[in-house]
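What follows is calculated from the coordinates using simple rules that are stated; it is not laboratory data. What you see is a predicted model; the values in this text were computed from it and never measured. Cβ coordinates were reconstructed from backbone atoms using ideal geometry, including for glycine residues, and neighbour counts include every protein chain displayed.
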Amino acid sequence: MTTPVETVQPESEDAYALASDAIDAVLDTVESGDRAALARLLQPYHAADIADLLEQISATERRDLLTLWDAGLDGDVLSELDEGAREEILEYLPTTVLREAVRDLETDELVEIVEDLNDPQTAAVLDALEDTDRVAVEQSLSFPEESAGRLMQRRLVKAPTHWQVGQAIDYLREEVDLPENFYNVVIVDPRMRPVGMVPLSALMASKRDVELVDIMEDDFRTIPVLQNREDVAYAFNQYHMVSAPVVDSDDRLVGVILIDDAMEVLDEEAEEDLMRLAGLGEERLTQRVFQTTRRRFPWLAVNLVTSILASVVIAQFTQTIEAIVALAVLLPIVASMGGNAGTQSLTVAVRAIATKDLTGANMWRVIRRESFVGMLNGLMFALLIGGVGVLWFGSPMLGVVLALAMVANMLVAGLAGVLIPIGLDRLNIDPALASGAFVTTVTDIVGFLAFLGLAAMLLL
């Protein structure tokens, strides 16, 4: 009789992560210096949760914890850490601990860690690896940093075209050096070129005497070893791939990329775009005050320059503002609405460029769409804000000026939000990093110029 499996539900959304009281307990244990108690506390948690813990505590607390827990640290925790925290930890982690921690990692994870090490640490880690793993890591490091060659893992499962299902299954059962995770068997010809892929589900569902070539999928996609990581992640997401073989310039099999690595890149790129839209670059919570200040300062300086340009426009209408004080009260409304509208269009455009949804084929349609959206929103808000101007200050003509300025700025905001990132992308400048400052400048200047200029013409 089969025993029913009991499903354990988490008590809360945070049940699988380290809660704040658990973090406090860990830090108290570190402070007491109880090595055994610390090991017991951390033992039930996943490597990703322990990495989160290390990222949330201070640099001093991290160092104290790892000094006490040196025997428990493994490569999975290091691979889960964000780059900033990992670089800091690797600076003081004893070489003996580091060698033991990374010994059982896959080659792609090893490459991710080794590329952050200094030369003595790199040599020590490579010496600790088996010959095949060391050669694989060294070859991967020879590829460009953002390429598929750095992302792939060298350990994979392949089979020749003449094998049958039974031979493949026997090989999988007898081989002791299989990858930790794999989803397909890559079928290769005598020249080591991939000709098909057999999913494990098809392999296990077929009889032993079935030829592998009869059940393989021959519509698979290969990844060139020098292809950019972003393009690799896009291909996995676009074509719903689970794994893909990586080939060199002669189409020979050199590695494989799995979906978890591709999706990690996709997540990193999305996070990077979000941060760059705010002018932050690759900022981490684990970075020190000086590093964070240095990263934020340049774009704040750019914002200062653009603000001065907007102020220069206002300065041209000082007499108009002095004559009609209400203009100073209403001026921020026009600029703020235009800035928000521009940011909306900008966010949509930058993300569409990143996901390759915005191309030359649909560019003009998108531009027209954003123009109409900006104009319609401008008309609707013009009616509202024009009425506010009349009711607040009792001047119908002031309401008309405010309404016209709103329409003009919202229309320009929609256009700027899509045209500026497209233009920057054509110039090979990252639109996520540079677009925000330009769009804000355009909407501020146009908003001030339209409102004050119309006021000078119609109200004086």
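The slack in the chain from D231 to E100, taken as 0.36 nm per residue of separation less the alpha-carbon distance, amounts to 43.7 nm. For the chain, the longest principal axis of the C-alpha atoms and the axis of helix 131-141 are separated by about 20°. Note that the range 144-149 has calculated 3J(HN,Hα) couplings of x, 4, 9, 9, 4, x Hz, one per residue in order, obtained from phi through the Karplus relation 6.51 cos²θ - 1.76 cosθ + 1.60 (θ = phi - 60°); glycine and proline are x. Considering only Q227, P194, V30, whose Cα is most displaced toward the positive end of the charge dipole of the chain, charges sitting on Cβ of Lys, Arg (+1) and Asp, Glu (-1)? Sorting the options by dipole projection puts first Q227.
Under 5 Å from the amide H of V195 lie the amide H atoms of I187, V188, D189, each residue being 5 or more positions distant or on a separate chain, with H modelled from the backbone and absent for Pro and chain starts.
Scan the chain and report its longest stretch carrying no trypsin sites (Lys or Arg not before Pro) that are both in a DSSP loop and have at most 13 other Cβ atoms within 10 Å.
No qualifying site falls inside 1-190, the longest such stretch.
For L460 and L427, the FRET efficiency from 1/(1 + (r/R0)^6), where r spans their Cβ atoms and R0 equals 41 Å, is about 0.45.
Ranked by how many other Cβ atoms sit within 10 Å of their own Cβ, fewest first, the residues E180, E264 fall in the order E180, E264. Among residues other than E130 with Cβ under 10 Å from its Cβ, the summed charge is -1 (Lys and Arg +1, Asp and Glu -1). Look at the Cα gyration tensor of the range 289-458: its axes a ≥ b ≥ c give a/c of at least 1.5 with a/b at or below b/c, and that counts as oblate.
With 10 Å bins beginning at zero, the pair-distance distribution over Cα atoms of the chain amounts to 4, 15, 19, 20, 17, 13, 8, 4, 1, 0 %.
Axis of helix 289-315 versus longest Cα principal axis of the chain: the two differ by about 20°, to the nearest ten degrees.
Under the convention that each Lys and Arg Cβ holds +1 and each Asp and Glu Cβ holds -1, the size of the dipole of the range 20-142 around its Cα centre is about 460 debye. Taking 51 Å as R0, compute the FRET efficiency from the Cβ-Cβ separation of R191 and E87 and round it to 0.05. E(calc), rounded to 0.05, equals 0.80.
Placing a label point 7 Å from the Cα of R368 along the Cα-to-Cβ line, the residues of the range 323-362 whose backbone N sits under 14 Å from it are 361-362. Backbone geometry of the range 186-198 corresponds, through the Karplus equation with coefficients 6.51, -1.76 and 1.60 at θ = phi - 60°, to 3J(HN,Hα) couplings of 7, 8, 10, 8, x, 9, 6, 9, x, 10, x, 9, 10 Hz, x marking Gly and Pro.
The length gained by stretching the chain between A71 and D357 to full extension, at 0.36 nm per residue less their Cα-Cα distance, is 98.1 nm. Based on DSSP H segments of at least four residues, each scored -39500 (n - 2.57), the chain has a per-residue ellipticity at 222 nm of -21000 deg cm²/dmol.
Helix 83-92 and the long axis of the chain differ in direction by around 50°, with both axes built from C-alpha atoms. Between the beta carbons of R63 and V388, assuming R0 = 51 Å, the FRET efficiency works out to 0.30 to the nearest 0.05. Overall, the chain carries a charge dipole of about 2840 debye about its Cα centre when +1 sits on the Cβ of Lys and Arg and -1 on the Cβ of Asp and Glu, all other atoms neutral. Calculate, in nm to one decimal, what D218 and V305 gain on full extension: separation in residues at 0.36 nm each, minus their alpha carbon distance. This chain segment gains 25.6 nm when fully extended. Taking amide hydrogens as placed 1.01 Å from N in the peptide plane, the amide H of V256 sits under 5 Å from those of Q153, V246, each at least 5 positions away in sequence or on another chain. The residues packed around Y183, meaning those with a beta-carbon under 13 Å from its beta-carbon, carry a net charge of -4 if Lys and Arg are +1 and Asp and Glu are -1. The simple spin-label model puts a point 7 Å past each Cα toward its Cβ; for E271 and N118 those points are separated by 2.7 nm. Each label was represented as a point 7 Å from its Cα along the Cα-to-Cβ direction; for A323 and Y239 these points are 6.7 nm apart.
Under a 5 Å amide H cut-off, with hydrogens placed 1.01 Å from N, V210 pairs with V165, G166 among residues at least 5 apart or on other chains.
Electrostatic tally near E31: other residues with Cβ closer than 15 Å to its Cβ, Lys and Arg +1, Asp and Glu -1, net -2. Charges were assigned to the Cβ only: +1 to each Lys and Arg, -1 to each Asp and Glu. The resulting dipole of the range 289-458 about its Cα centre is roughly 480 debye.
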